[in-house]
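*Asks:* This is the structure I have questions about; it appears just below.
The values are calculated or read from the model by the stated rules, or taken from the named source; none is laboratory data. Note that the coordinates shown come from a computational prediction; the quantities given were computed from them, not determined experimentally. Methodologically, a virtual Cβ is constructed for each residue, glycine included, from the backbone with ideal geometry; neighbour enumeration extends over all protein chains shown.
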Amino acid sequence: MAAVIERKGVAEAQDENMDSEKRTILVVDDCEVNREILLELLADEYHVVAVPSGEEALRVLPETAPDIVLLDIMMPGLDGYETCRQIKSGPMGPFTQVILVSGKSQTQERLQGYAAGADDYIVKPFDHDELCAKLRIHARLKKMGERVWTLNAQLQKLNHELEQIVEQRTAELLETRDLVIFSLAKLAESRDPDTGEHLERMRWYSRLIAEEYVVTYSGKDSLPQNFSDQVFRSAPLHDIGKVGIPDAILLKPGRLTPEEFEIMKQHTIIGYEALREACEKSHSGCFLELAAEIARSHHEHYNGKGYPDGLAGEQIPLSARIVTVADVFDALTTPRVYKQAWPPDRARAVIEREAGNQFDPTVVAAFVRRWRDIEDFGSSYWNTIPPNRVELDVMMTEITSPPVSPVTTTS
């Protein structure tokens, strides 16, 4: 049956100021007399919409958006309990006060109404003044709820803005930290101008290898999610200890003697101790810890024949095992005053051949799997090397002692 929506106070509804002050009440009752009574009683104080059934109430609910629903329980079709349940479970439920109206006053009926989601329960016949008092209370509750929702929305907006500020400040701090790290590394590198952009290349090679290692072996080593980023930031400091090496040795334009090489080895200890001392001054953990272990161990060999500690296998920190592959590969493919650059494919072949000897086989495998990306990154540099600085006839000789080996580098 098509319902007739009855309204009172049409003139008042045209008054915009009054519109903003009046609350809307939806009266749901199958008895026309009851609807007329409530319309007459409430029209001066509220906008009143009256419908004769639960089905019609649910239909007009979205368009009327009532603050309060006065809902009769005993009606044909959807009774008050089910209508209340559907209102409260719908999208407007949290924003609508529902008062059940019934001629039954037993506790069981009241409890059933509250179980359906009703906010209040009024027994007929009711005192008009008491009804109006209850409605004012529920109107105030609705107003306070709206205030809470508004404040919550403002709080969420503020939280979002604060989160954005924190993210921005954190990004700025991380960027500043990274710039400080790289500046320190460049300062050390500046004493050896022949190395060029070595730090930038080897840190990217290190990241690519670390990314692939994490994908393949993360379960094995319980690596942090940002491990590759940590390696990327820390790798440039691998040779920070060179600041303590005499120029006569660091800048020598030829092979080092065994005695000179022993002095050169000390750059690993110098760098480690400097970074560890910086870390010890922090009471909340230090991002330089990874850099310190790289600085100390990036010349260790997987077979235990490296320096300074003669570590072997997984005794060598993973970060150092990764950086040593990136460092050696870039050194091999870079011309120096005392040597030519090797073609990238020849350098890769030596890296692969030394898996299990100088390099960790799993790290070498990660290096090979990312070869296309390494080529893409390195080619922009390799293409700038003059042809007369590239050694085209590389002898694939056995790797021997560090001072004379083409694989062992002082970088």
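*Asks:* Taking region 116-162 on its own, how many of its residues are hydroxyl-bearing (Ser, Thr, Tyr) and buried (at least 17 other Cβ atoms within 10 Å of the Cβ)?
*Replies:* First, the residues of region 116-162 that are hydroxyl-bearing (Ser, Thr, Tyr): 121, 150.
Filter again for buried (at least 17 other Cβ atoms within 10 Å of the Cβ), leaving 121.
Number of matching residues: 1.
*Asks:* Now for a different question. Do you know which residues across region 340-361 are under 36 Å from the mean Cα position of the chain (by Cα), surrounded by 19 or more Cβ atoms within 10 Å (Cβ to Cβ) and assigned to a helix (DSSP H, G or I)?
*Replies:* Arg348, Ile351
Results for (1) modelled with pLDDT under 95; (2) surrounded by fewer than 17 Cβ atoms within 10 Å (Cβ to Cβ); (3) in contact with an Asp or Glu (Cβ under 7 Å, 6 or more places away or on another chain); (4) among the hydrophobic types (A, V, I, L, M, F, W, C), shown as yes or no for each residue.
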residue: Ala2; (1), (2), (3), (4): yes, yes, no, yes
residue: Ile5; (1), (2), (3), (4): yes, yes, no, yes
residue: Asp15; (1), (2), (3), (4): yes, yes, no, no
residue: Glu21; (1), (2), (3), (4): yes, yes, no, no
residue: Val33; (1), (2), (3), (4): yes, yes, no, yes
residue: Leu39; (1), (2), (3), (4): yes, no, yes, yes
residue: Leu42; (1), (2), (3), (4): yes, no, no, yes
residue: Ala65; (1), (2), (3), (4): yes, yes, no, yes
residue: Leu78; (1), (2), (3), (4): yes, no, yes, yes
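*Asks:* Please verify whether Val60 is part of a strand (DSSP E or B) and either closer than 19 Å to Tyr121 by Cα or in the same structural domain as Pro94 (by TED's automatic domain parsing) (or both), treating the condition exactly as stated.
*Replies:* no
*Asks:* Here is a further query. Identify the residue in region 104-133 that is touching a strand residue (DSSP E or B) at 6+ places or on another chain (Cβ under 7 Å) and assigned to a loop (DSSP other than H, G, I, E, B) and, among all such residues, is farthest from Glu40 (Cα to Cα).
*Replies:* Among those residues, the one meeting the criterion is Gly117.
*Asks:* Could you list all residues from region 70-95 that are assigned to a loop (DSSP other than H, G, I, E, B) and closer than 14 Å to Lys124 by Cβ? Explain how you work it out, then say what you get.
*Replies:* Looking only at region 70-95, we keep the residues that are assigned to a loop (DSSP other than H, G, I, E, B), and these are 73-79, 90-92.
If the condition is that a residue be assigned to a loop (DSSP other than H, G, I, E, B) and closer than 14 Å to Lys124 by Cβ, then Ile73, Met74, Met75 are the ones that fit.
*Asks:* Can you name the residue in region 204-229 that is within 21 Å of the chain's Cα centre (by Cα), charged (D, E, K, R) and closer than 14 Å to Ser319 by Cβ and is also surrounded by the most Cβ atoms within 10 Å (Cβ to Cβ) among such residues?
*Replies:* Arg207
*Asks:* Which of (1) within 24 Å of Glu130 (Cα to Cα); (2) assigned to a helix (DSSP H, G or I) does Val98 not meet, given it meets every other one?
*Replies:* Every listed condition holds for Val98 apart from (2).
*Asks:* So which of Glu354, Glu289, Glu300 is on the phi < 0 side of the Ramachandran plot, out of contact with any Leu (no Cβ under 9 Å at 6 or more places or on another chain) and charged (D, E, K, R)?
*Replies:* Values: Glu289 fails: out of contact with any Leu (no Cβ under 9 Å at 6 or more places or on another chain); Glu300 fails: out of contact with any Leu (no Cβ under 9 Å at 6 or more places or on another chain).
Glu354 is the lone residue from the list that is on the phi < 0 side of the Ramachandran plot, out of contact with any Leu (no Cβ under 9 Å at 6 or more places or on another chain) and charged (D, E, K, R).
*Asks:* Return the only residue of Asp327, Asp373 being farther than 19 Å from Lys265 by Cβ, acidic (Asp, Glu), in the same structural domain as Phe227 (by TED's automatic domain parsing) and not in a loop (DSSP other than H, G, I, E, B).
*Replies:* Sole residue among the options that is farther than 19 Å from Lys265 by Cβ, acidic (Asp, Glu), in the same structural domain as Phe227 (by TED's automatic domain parsing) and not in a loop (DSSP other than H, G, I, E, B): Asp373.
*Asks:* Same structure, new question: Just one of the numbered conditions (1) in contact with a strand residue (DSSP E or B) (Cβ under 8 Å, 6 or more places away or on another chain); (2) at pLDDT below 95; (3) not β-branched (Val, Ile, Thr) is not true of Tyr381; which one?
*Replies:* (1)
*Asks:* Counting just the residues of region 230-257 that are polar (S, T, N, Q) and part of a helix (DSSP H, G or I), which one comes out surrounded by the fewest Cβ atoms within 10 Å (Cβ to Cβ)? Before the answer, list the steps.
*Replies:* Within region 230-257, the subset polar (S, T, N, Q) is 230, 234, 257.
From the residues that got through so far, the ones that are part of a helix (DSSP H, G or I) too are 230, 234.
Working: Gln230: 19, Ser234: 25.
The qualifying residue surrounded by the fewest Cβ atoms within 10 Å (Cβ to Cβ) is Gln230.
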